[in-house]
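Notes to accompany the following structure.
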Amino acid sequence: MYSHIYKNVSSILAEIPAEVSVIAAVKNRKPEEIIAAIDAGITTIGHNYVQEALSTKTKIGDVGQCHLIGHLQSNKVKKAVEIFHLIESVDSLSLATALNYQAKLQEKIMPILIEVNIGREPQKNGVMPEELASFVESLKDLSNVNLQGLMTMGPRLISSSLRPYFTEAKRLFDGLKKLESINADICYLSMGMSDSYNIAIEEGANMIRLGKAIFDRKVN
Ligand SMILES: *Cc1c(COP(=O)(O)O)cnc(C)c1O
C-alpha cells in the first residue's frame, strides 16, 4: 500500500551525497506512512507541531531521531525539550532563553539551529540575516543550549529562483563557523524541500527536509 514511499526514499537516498541528512517532514501524515519511510531508510523525522510529535510517539514509539521544524510556542517548550533531538526553528532570544531554562531543569544540553528569514519576508518567522551575528552573540551565556547551525525555508518562489537565497544562507553558515564559542558546534545547514533540495545541496545544504518527495505518489 505504501510501496511508493519505499521507492521514493530509495531513489532519493541513492541520488544525494551520503553526507546529506534527510529529514522526513511528517505533518499530517499517518503513522503507517511514517513507519514505511523509516523502513525504507529514513532515520530522522521532522515535526511541525509538538502535539503531533507526542501523538506519533504514542502510536509508533520512538522511531529514529526527532526534530522540530515548525514554530515553537513558549507553552510547549518543556515538552519540546523532553522529546526532540534537535530544535531547528529557534527564532527569538526569548525562545532560546526558555529552552535553556528548561534544558537546565531537565539536566540536558539542547541542540538547536537558528531559523533565518533568508527572504526577509515580514510574515515569516526567523532571524533577519543582518541580525544573525548579534543574535548568536546573545546565545553565548545560554550554556544549556548548543548551537549547531542554521535552518531556512526560503521564500515561496519557483525553485530556480531560490538559488541566490540558498547561496546567502551558505555564506551566513560559513560565517557562523568562524565564530568561536564554547556552546556552539556549527555543523548543520538545513535548507531545501521537495521542490528545491537539489539546488539547496548544490549550494551547500547538508540537511534537507522532505515531505511530498517522500510521501506523495509521483504522477507521470
Ligand atoms: C512541510 C515542510 C517541509 C517539507 O515540505 P515539502 O514541500 O512537502 O517537501 C520542510 N520544512 C518545513 C518547515 C515544513 O513545514
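The values are calculated or read from the model by the stated rules, or taken from the named source; none is laboratory data. For clarity, every value in this text was computed on a predicted model and none was experimentally measured. Here the Cβ positions follow ideal geometry from the backbone for every residue, glycine too, while neighbour counts run over all protein chains shown. Note: accessible area is taken over every heavy atom of the protein model, side chains too, but ligands, DNA and RNA are not part of it. Shrake-Rupley method; radii C 1.70, N 1.55, O 1.52, S 1.80 Å.
The table for this structure:
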{"quantity": "Helices (runs of 4 or more DSSP H) wholly inside the range 122-212 containing at least 3 residues that are within 16 Å of the ligand (Cβ to nearest atom) and farther than 28 Å from residue 100 by Cβ", "calculated": "197-202"}
{"quantity": "When residues of the range 7-32 are limited to those that are of a type in the set (D, E, K, R) and surrounded by fewer than 17 Cβ atoms within 10 Å (Cβ to Cβ), the one farthest from the ligand (Cβ to nearest atom)", "calculated": "19"}
{"quantity": "Extreme residue, least open to solvent (accessible area, probe 1.4 Å), among residues of the range 183-220 that are of a type in the set (Phe, Trp, Tyr) and under 21 Å from residue 114 (Cα atoms)", "calculated": "197"}
{"quantity": "Residues that are away from the ligand (no atom under 12 Å from the Cβ) and open to solvent by less than 20 Å² (accessible area, probe 1.4 Å), drawn from the range 37-53", "calculated": "37, 40, 42, 44, 50, 53"}
{"quantity": "Matching residues, the range 69-91, being in contact with a His (Cβ under 8 Å, 6 or more places away or on another chain) and open to solvent by less than 60 Å² (accessible area, probe 1.4 Å)", "calculated": "69, 70, 84, 86, 87, 88, 89, 91"}
{"quantity": "Residues of the range 57-68 that turn out to be modelled with pLDDT under 95 and open to solvent by less than 40 Å² (accessible area, probe 1.4 Å), as a count", "calculated": "3"}
{"quantity": "Checklist (1) touching a residue at least 12 places away in the same chain (Cβ under 8 Å); (2) exposed (fewer than 14 other Cβ atoms within 10 Å of the Cβ) applied to residue 166, failing item", "calculated": "(2)"}
{"quantity": "Close pairs from the range 46-61: first within 23 Å of residue 194 (Cβ to Cβ), partner loosely packed, with under 14 Cβ neighbours inside 10 Å and not polar (S, T, N, Q), Cβ under 9 Å, at least 6 apart", "calculated": "46/27; 47/27; 48/27; 49/27; 52/27; 60/32"}
{"quantity": "Where a residue in the range 194-220 is without any contact (Cβ under 8 Å) to a residue 12 or more places away in the chain and its partner, wherever it lies, is not in a loop (DSSP other than H, G, I, E, B), with Cβ under 7 Å and at least six apart", "calculated": "none"}
{"quantity": "Output for the range 92-115, where each listed residue is in contact with a Gly (Cβ under 7 Å, 6 or more places away or on another chain) and either over 17 Å from residue 73 (Cα atoms) or open to solvent by less than 10 Å² (accessible area, probe 1.4 Å) (or both)", "calculated": "113"}
